[in-house]
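Notes follow once the structure below has been shown.
Readers should treat all values here as calculations from the given coordinates under stated rules, not as data from a laboratory. Keep in mind that this is a model prediction, so the values were computed, not measured. Here the Cβ is made from the backbone with ideal geometry for all residues, glycine too, and neighbour counts use every protein chain on show.
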Amino acid sequence: MKMTPIRVSLLAFSTLILSGCVPRIEVAAPKEPITINMNVKIEHEILIKADKDVEALLNSRSDVF
């Protein structure tokens, strides 16, 4: 099959048309700032285990702490 000038120009034209159909990807920063809302409730309990002599001392002298 011989490539005639019409076929060559038709091939070039179709290549140009199809190259315009390439998808475009755009990366852009958002216009509003990103906000992260974290509602966190932290509860803790501290248990102190004391010797009976120390407990008695703390009960008798409450002004120590």
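Packing, taken as the mean count of other beta carbons within 10 Å per residue, orders the peptides 25-36, 7-18 from highest to lowest as 7-18, 25-36. Three principal axis extents describe the C-alpha atoms of the chain; from largest down they are 113, 31, 14 Å.
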